[in-house]
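This report concerns only the one structure given below.
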Amino acid sequence: MDTSRVSLGEMIAAAGGLVLLVCMFLPWFTGELSGRGQAAVVVPTTTGWESYSGVLDITFVVLAGLPIAIAIARANDSMPPLPIEQGALVIAAGVLLFVIVVLRLIDPPQPLDVAIPGLEVDTTRKLAAFGAALAAAAIAVGGYLQRSMRRVGLEPTLTGT
């Protein structure tokens, strides 16, 4: 494995993918139920994995793992031909992840499935959710750097391509 073959953009995108996957295991939201003159009750925290349904979980793993896989393949000099330019692919993955995370930040999941009359839910966003949004943005920025470095000719060269 020769990391000198990996461009700066690929490193940034891969680091963003790794951070995003780590953030998925950390708490993203916590809730507090209050109302009817009762003391507030803290609802258990929700991790990134619990914030999304099964299909989006798989989407996160695939899209966050894409820049990691590209960086590893590039370092091993075993980059397969891709149907789309890899920088464009990574940009698309990063933008899609960023939009999904930001939409979840705007509309957090409800801690209870059943609405209880007279009780209000106050959902608090945790630091890991914002870290996931930044990591998704880093994936997109890394993809942009991959594309721009390839166009200018500053990308590390491979013997196989």
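Worth a mention:
- Annotation: of all residues in the stretch 43-61 being hydrophobic (A, V, I, L, M, F, W, C) and surrounded by 12 or more Cβ atoms within 10 Å (Cβ to Cβ), the one that is farthest from Leu134 (Cα to Cα) is Val43.
- Qualifying residue in the stretch 18-38 (condition: assigned to a strand (DSSP E or B), within 19 Å of Ala137 (Cα to Cα) and touching a strand residue (DSSP E or B) at 6+ places or on another chain (Cβ under 9 Å)): yes
Only the coordinates and a few stated rules stand behind these numbers; no lab work does. Here the structure is a predicted model, which is why all the values come from computation and not from measurement. With ideal geometry, Cβ positions are generated from the backbone for all residues, glycine too; neighbour counts draw on all protein chains shown.
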